[in-house]
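> Encoded as structure tokens, here's the structure I'll be asking about.
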Amino acid sequence: MIIEMNPDHPQPRRVEQVVAALREGKLVAYPTDSVYGIGCDIFNADAVNRLHQLVREIKGSPDHSPLSFICHSLSNIAEYAYVSDYAYRTLKRMLPGPYTFVLEATKLVPKVMRKKRKTVGIRVPDSPITIAIVEALGNPIATTSATHRDGELIPDPWTIQDLYGHIVDVIVDGGYLFPEPTTVIEFSGDHPRLLREGKGSLEDLEIVEEL
């Protein structure tokens with residue numbers, strides 16, 4: 001099912017349709033500020049396992065391949081990850097935006113999300129659709145980027161429907177994107193480390209130690 005949604009002013013009734021699907025344990029594709037993502041409610045273990053299976057089948061990643069997840073705000077991040085004072089100041093400058101921050105997980109993060117890891121990748125996209133869905137759901141969304149089997153990012157909902165409509169239950173049509181991976185930054189204490197340079201600018205980051 002494809003649900004068309006205004007990318008700047010998402011319609012509340014359509015947001016509620018998507019949220020209802022997430023609460024039922026369904027997989028949902030949706031636009032962010034960088035790529036189309038495919039996600040589910042992080043507290044629905046069956047849905048998270050389905051998402052892990054999709055990642056394994058589409059991307060050839062092993063079972064332990066980590067998923068990132070979407071929060072709606074910096075205060076929301078602080079519920080699920082330990083954020084140092086330096087990291088907090090940095091994230092406050094850079095979010096919302098096309099970044100994934102790798103932080104130490106709190107006990108609120110379900111074990112099925114961590115897969116024996118102590119850290120999690122967390123996003124707050126600059127996307128009204130994504131933020132509206134997460135806020136209405138009331139907790140984060142586990143997510144992976146929507147790609148072709150060769151790894152190329154998918155720019156539109158119709159291609160997702162053609163390729164994965166038999167796996168993904170709901171697809172939010174937020175229009176065509178020019179997809180680009182997020183910039184990934186890990187915080188180990190007060191020392192940020194660049195894991196991947198992507199769409200997010202590094203100009204506001206004081207120190208980056210490249211991997």
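What follows draws every value from the coordinates through simple rules; no lab data is involved. The structure displayed is predicted, hence computed values, not measured ones. Neighbour counts are summed over all protein chains in view; Cβ atoms, including those assigned to glycine, are modelled from backbone coordinates with ideal geometry.
> Please determine, in degrees from 0 to 90 and to the nearest 10, the orientation of helix 128-137 with respect to the longest principal axis defined by the Cα atoms of the chain, where the helix direction is its Cα long axis.
Helix 128-137 sits roughly 90 degrees off the main axis of the chain.
> Using the Karplus curve 6.51 cos²θ - 1.76 cosθ + 1.60 with θ = phi - 60°, work out ³J(HN,Hα) for each residue of segment 144-157 in order, rounded to whole Hz, and write x for Gly and Pro.
9, 6, 7, 9, 6, 5, 8, x, 5, 5, 8, x, 8, x
> Select from PRO181, GLN53, ILE70 the residue farthest towards the positive end of the dipole of the chain; place +1 on Cβ of Lys and Arg, -1 on Cβ of Asp and Glu, and compute about the Cα centre.
Of the options given, the answer is GLN53.
> Any idea which of TYR82, SER145, PHE101 is furthest toward the positive side of the dipole for the chain, if Lys and Arg beta-carbons carry +1 and Asp and Glu beta-carbons -1?
Comparing the listed Cα positions along the dipole, TYR82 ranks first.
> Rounding to the nearest 10 and keeping the result within 0 to 90°, find how far the Cα-based axis of helix 12-23 lies from the longest principal axis of the chain.
80 degrees
> If R0 is 35 Å, what FRET efficiency do you get for ASN49 and SER201 from their C-beta distance, rounded to 0.05?
Details: r = 35 Å, r/R0 = 1.01.
Result of the calculation: an efficiency of 0.50.
> Could I have the simple spin-label model distance between TRP158 and GLN11, label points 7 Å from Cα toward Cβ, reported in nm to one decimal?
Placing both labels 7 Å beyond Cα along the Cβ direction yields 2.0 nm.
> A follow-up question, please. Given N residues in the chain, what is its alpha carbon radius of gyration divided by 2.2 N^0.38 Å? Kindly include the intermediate steps, with their values, before the conclusion.
Numbers: Rg = 16.0 Å, N = 211, 2.2 N^0.38 = 16.8 Å.
Against the compact-globule rule of thumb, the ratio is 0.95.
> Need the C-alpha centroid separation for segment 175-204 versus segment 98-165, integer Å.
14 Å
> Taking the Cβ of GLU4 as the center, what net charge do the other residues with Cβ under 10 Å away carry, scoring Lys and Arg +1 and Asp and Glu -1? Show your work: numbers first, answer last.
Details: positive: ARG14; negative: ASP173.
So the environment of GLU4 carries a net charge of 0.
> Kindly rank 68-81, 29-42, 120-133 from highest to lowest mean number of other beta carbons found within 10 Å of each residue. Spell out each step's value before the answer.
Details: 68-81: 19.9, 29-42: 25.9, 120-133: 23.6.
Order by mean packing, descending: 29-42, 120-133, 68-81.
> Could you check the spin-label model distance between ALA136 and ARG149? Points 7 Å from the Cα along Cα→Cβ, value in nm.
3.4 nm
> Relative to the longest principal axis of the chain, what angle (0 to 90°, nearest 10) does the C-alpha long axis of helix 45-59 take?
Around 90 degrees separate the two axes.
> Could you tally the net charge around THR159, taking each other residue with its Cβ under 14 Å from the Cβ of THR159, Lys/Arg +1 and Asp/Glu -1? Provide the component values of the computation, followed by the final result.
On the way: positive: ARG149; negative: ASP150, GLU152, ASP156, ASP162, ASP173.
Net of charged neighbours comes to -4.
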